[in-house]
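Asker: I'd like to ask you about the structure that follows.
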Amino acid sequence: MTSPTLDTATMTDKELDDIYAFAVQLGKDAGKMLLDVTQLRIAGGNTDQECQGFTEKESAVDIVTKTDEDVEAFVKTSIFQRYPSHNFIGEETYSKSTTPTTSTYLIPSSPSSQPTWCVDPLDGTVNYTHLFPMFCVSIAVVIAGEPVIGVIYAPFLNQLFTACRGRGAWLNETQRLPLVRNNIPPMPADAPRGCVFACEWGKDRDDREGGNLRRKVDSFLMMAAAGEGKGDRRGKGGMVHGVRSLGSATMDLAYVAMGAFDIWWEGGCWEWDVAAGIALLREAGGLVTTANPPQDPETAAIKDVGLGSRLYLAIRPAGPSETESGRQGQERTVREVWRRVQELDYTRPGA
């Protein structure tokens, strides 16, 4: 049997559907690998270094397990057997590269380039090692720089998120996202008040004045603080309903697409952290723009952010209210978040 190849300029709906179906099954198979090892650990059948050990990469919270590497190898091999002409970038493959790219973007954006599979075999590795259930496999197909297919499978939770451009975003292949679809709720009139705000501490733990860690923590406090003139922040706090950290950027984006989170704000992500989640969120009707506030948050254009940004602000799908469209409510929320967060500094290799 000849392996199929694709030219993105002439791709048909059937070819895209075939890739989508293959990606979904691949996500299920890879997730089962994660779950099988997890169940071995729980049962005590294998508790050695091969099953639960990890190696530090750049910091004590940036770790890799043998399972990360085994799952990525399985996914990569499966893709190239099916689509030998496609491109592939995976977190562990990139991390082990002796000559990492210094280009602005890791994924080709030319319309003539072949599709790129962007894979995080185990997002939430720290969660995985501690048996906290927020870990998943993340598989995206990127065409001309745009994520058009996203598969996110959290096997311990039995949650499979899937999306393909023009075909909707789904939970467990039966429930269309966002979950509340019969009159999708508008953004709260006084957002971020009344919102659930998601964020991550990240891998940069350099505790210094002006560093990303301090800027993040201050932003978290500003989003959480009272907004009625109380406290040292003089009423500028966001007074969000809650602040959540799942320990997985991919799961954060999936929960924004689901409508469980209203806002996600983060810096420092790589393409494999967000590609599948962006495909899912956009197909569900969400907005993804830059985390960093512009000089004039009130008037700056709100543009959809591309892969490679490393800075992300996501807003859940929103319906219209009596006074504004869903998109207007999302953009209003973006501006209110920008007013309360600090600029983060995450550069790319060679930048």
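Since every read-out is calculated from the coordinates, none of them should be taken as a lab result. Note that the structure is a prediction, hence the values are computed from the model and not measured. Glycine gets a Cβ as well: all are built from the backbone with ideal geometry, and neighbour counts include every protein chain shown.
Asker: In Å and on Cα atoms, what radius of gyration and Dmax does the chain show?
Answerer: According to the Cα coordinates of the chain, Rg and Dmax are 20.1, 70 Å.
Asker: Would you be so kind as to identify which of LEU26, VAL217, ASN127 lies farthest towards the positive end of the dipole of the chain, taking Lys and Arg as +1 and Asp and Glu as -1 on Cβ and the Cα centre as origin?
Answerer: Looking along the dipole axis, the top candidate is VAL217.
Asker: Select from THR250, ILE184, VAL305 the residue farthest towards the positive end of the dipole of the chain; place +1 on Cβ of Lys and Arg, -1 on Cβ of Asp and Glu, and compute about the Cα centre.
Answerer: ILE184
Asker: At 10 °C and 1.306 mPa s, what whole-number value in µm²/s does Stokes-Einstein give for the translational diffusion of segment 196-338, with Rh from the Kirkwood sum over Cα pairs?
Answerer: It diffuses with D of about 102 µm²/s by this estimate.
Asker: Charges only on Cβ, +1 for Lys and Arg, -1 for Asp and Glu: so what's the dipole of the chain about the Cα centre, in debye to the nearest 20?
Answerer: 740 debye
Asker: Ignoring everything except DSSP H segments at least 4 long, calculate the 222 nm mean residue ellipticity for the chain; use -39,500 (n - 2.57) per segment, divide by total residues, nearest 500.
Answerer: Computed ellipticity for the chain at 222 nm equals -10000 deg cm²/dmol.
Asker: In addition: Of the cross-linked pairs LYS203/LYS303; LYS76/LYS216; LYS32/LYS303; LYS28/LYS203, which ones have a Cα-Cα span greater than 30 Å in the structure shown?
Answerer: Beyond 30 Å: LYS76/LYS216; LYS32/LYS303.
Asker: If you keep only loop residues by DSSP, which GluC sites (Glu not before Pro) in segment 258-351 have at most 12 other Cβ atoms within 10 Å of their Cβ? Display every interim value, and only then the final one.
Answerer: Values: sites: GLU266, GLU271, GLU283, GLU298, GLU322, GLU324, GLU331, GLU336, GLU343; in loops: GLU298, GLU322, GLU324, GLU343.
Those satisfying the criteria are GLU298, GLU322.
Asker: Which three extents, in whole angstrom, do the alpha-carbon atoms of segment 130-186 cover along their principal axes, largest first?
Answerer: 36, 34, 21
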